[in-house]
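Enquirer: Let me give you the structure first, and then I'll get to my questions.
The values are calculated or read from the model by the stated rules, or taken from the named source; none is laboratory data. Fair warning: this is a prediction, and the values are worked out from it, not measured in the lab. Cβ sites come from the backbone with ideal geometry, for glycine too, and all protein chains shown count toward neighbours.
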Amino acid sequence: MPTPMPAHQPLFLRNVCLPDGRSGLDLLVRDGRIEAVGPALAVPPDAKAIDAQGWLLSPPFVDAHFHMDSTLSYGLPRVNASGTLLEGIALWGELKPLLTEEAIADRALAYCDWAVARGLLAIRSHVDVCDDRLLAVRALRAVQRQVAPYLDLQLVAFPQDGVLRSPRALHNLKAALDLGVEVVGGIPHFERTMADGAESVRLLCELAAERGLRVDMHCDESDDPLSRHIETLAQQTQRLGLQGRVTGSHLTSMHSMDNYYVSKLLPLIAEAGVHVVANPLINITLQGRHDTYPRRRGMTRVPELLAAGVNVGFGQDCVMDPWYALGSGDMLEVAGMGLHVAQMTSVAAQRQCFDAVTVNNARILGLEGYGLAPGCRADFVLLQARSPSEAIRLRAHRLLVVRAGTVVSRMAPATAELSLPGRPATADFTAQTQGPPSQAPR
């Protein structure tokens, strides 16, 4: 459970709209929880009142797939010249002997600052356990404790080099779990053979079942249509009764599979209750590297998975590390890339992309008290937008970020002062419909 923020005076937000389309609502927070949501609520005399001016109030952004141990290490010890997944893995292997706990923690804390400023208040991070020193595990466990008052950091014991392929990986993974890491990870497609990959899935799922833990595997991050470890993951989930506790991350091979096989695979995933995380920025960057033209998009079949009833989230995956030179912790950028790659341009589909970086990811992490209903934790972000679609389109400014009823970040609204003959003095980027003025919440 997250460490609570210190108790403060009640917080009252006047005139917000919600992702479900309701508008003109007030929200009252007391003792770190949402006490009431509705129209024309009475303002308690002791409350701190903020006029939200009709802007969009969202539950906090959640990232269900990240690598905190490597973040902000871009250029160390060199740049990934080819930009490929395999060179990134090799480069990470070169960097690991040079790592220190202090450097890992410093970079992770800096990224957590970025995250909070972006309204990203929950992150699931994979941490490599193939270094026998477990430096990254110890560093991120310390970071996890330090950021707990303002950010939920969930850790996955990730055998980057393969739990069977790397001689001490299984020993180290168990040691990481003993140190408090909460989720069992894996990378079956990186094992030496398909059989070893399937065996690693069985072994790791059994370990998670024994310890009562969740599972999140890098699964089929490949352009090879015969990389089908998600099938094994779904089968083991059902065999061991792990429904709802297992996630298959990436699943990029699915974009290359034939439709008949996928027509059998989708209901298997759904019946097993396996969550899926696509990583749009990274998948579109790293996949299809061996193609000439036509070049494959590289992301899993998000609309089809959603239509089959599978819970799908989007992850940031990497920010300025051996695999990806860009990124800023902006989950709206992730949602926007997912929208474009999957061609999810209908109003309903755009809302699904917003859900993929909020409520869907919260389900994957198993967050308790997440949401905007009375009784939920008072964690939310006020966006300079009037709808989820507009938030994605504008990469909306995070006017307020609130954790446990305390404002932890503020951002000035986006405005441009113009000097154009016969035109307004400012440009309102949300002005396609009538709405509130572009002012900061008071």
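Enquirer: Does Val302 fit the bill of being under 23 Å from Phe380 (Cα atoms) and aliphatic (A, V, I, L, M)?
Expert: Here the answer is no, as Val302 does not meet what is asked.
Enquirer: Which helices (runs of 4 or more DSSP H) sit wholly inside the stretch 305-367 and have at least 2 residues that are of a type in the set (S, T, N, Q)?
Expert: Answer list for the stretch 305-367: 347-355, 359-365.
Enquirer: Go through the residues of the stretch 378-395 one by one and say whether even a single one is closer than 15 Å to Leu120 by Cβ and surrounded by fewer than 22 Cβ atoms within 10 Å (Cβ to Cβ).
Expert: Yes, the stretch 378-395 contains at least one residue that is closer than 15 Å to Leu120 by Cβ and surrounded by fewer than 22 Cβ atoms within 10 Å (Cβ to Cβ).
Enquirer: When you scan the stretch 395-427, how many residues do you find that are among the hydrophobic types (A, V, I, L, M, F, W, C), out of contact with any Phe, Trp or Tyr (no Cβ under 6 Å at 6 or more places or on another chain) and assigned to a strand (DSSP E or B)?
Expert: 4
Enquirer: Which fully enclosed helices (runs of 4 or more DSSP H) of the stretch 181-280 have 1 or more residues being under 30 Å from Glu333 (Cα atoms) and either modelled with pLDDT of 95 or more or of a type outside the set (A, V, I, L, M, F, W, C) (or both)?
Expert: Because the criterion is at least 1 residues that are under 30 Å from Glu333 (Cα atoms) and either modelled with pLDDT of 95 or more or of a type outside the set (A, V, I, L, M, F, W, C) (or both), the helices (runs of 4 or more DSSP H) in the stretch 181-280 that meet it are 229-240, 259-272.
Enquirer: Check Asp26 against each of (1) surrounded by fewer than 20 Cβ atoms within 10 Å (Cβ to Cβ); (2) touching a Cys at 6+ places or on another chain (Cβ under 7 Å) and name the one condition it does not meet.
Expert: Answer for Asp26: the failing condition is (2).
Enquirer: Go through the stretch 100-133 residue by residue and tally those that are buried (at least 22 other Cβ atoms within 10 Å of the Cβ) and among the aliphatic types (A, V, I, L, M).
Expert: 9
Enquirer: Still on this structure, I have one more. For the stretch 19-38, how many residues are in a loop (DSSP other than H, G, I, E, B) and closer than 18 Å to Ser387 by Cα?
Expert: 6
Enquirer: Can you tell me which residue in the stretch 191-217 is surrounded by the most Cβ atoms within 10 Å (Cβ to Cβ), limited to those that are within 20 Å of Ser125 (Cβ to Cβ) and touching a residue at least 40 places away in the same chain (Cβ under 8 Å)? Before you say what the answer is, go through the steps one by one.
Expert: Step one: filter the stretch 191-217 for residues within 20 Å of Ser125 (Cβ to Cβ), giving 204, 207-208, 211, 213-217.
The next check asks that each one be touching a residue at least 40 places away in the same chain (Cβ under 8 Å); those that pass are 204, 214, 216.
Working: Leu204: 25, Arg214: 22, Asp216: 29.
It comes out as Asp216.
Enquirer: While we're looking at this one, here's another question. Restricting the search to the stretch 325-348, which residues are crowded, with 18+ Cβ neighbours inside 10 Å and either closer than 22 Å to Arg301 by Cα or without any contact (Cβ under 8 Å) to a residue 24 or more places away in the chain (or both)? First the steps, then the outcome.
Expert: First pass over the stretch 325-348, keeping only residues crowded, with 18+ Cβ neighbours inside 10 Å: 327, 329-339, 341-342, 344.
If the condition is that a residue be crowded, with 18+ Cβ neighbours inside 10 Å and either closer than 22 Å to Arg301 by Cα or without any contact (Cβ under 8 Å) to a residue 24 or more places away in the chain (or both), then Met331, Leu332, Glu333, Val334, Ala335, Gly336, Met337, Gly338, Leu339, Val341, Ala342, Met344 are the ones that fit.
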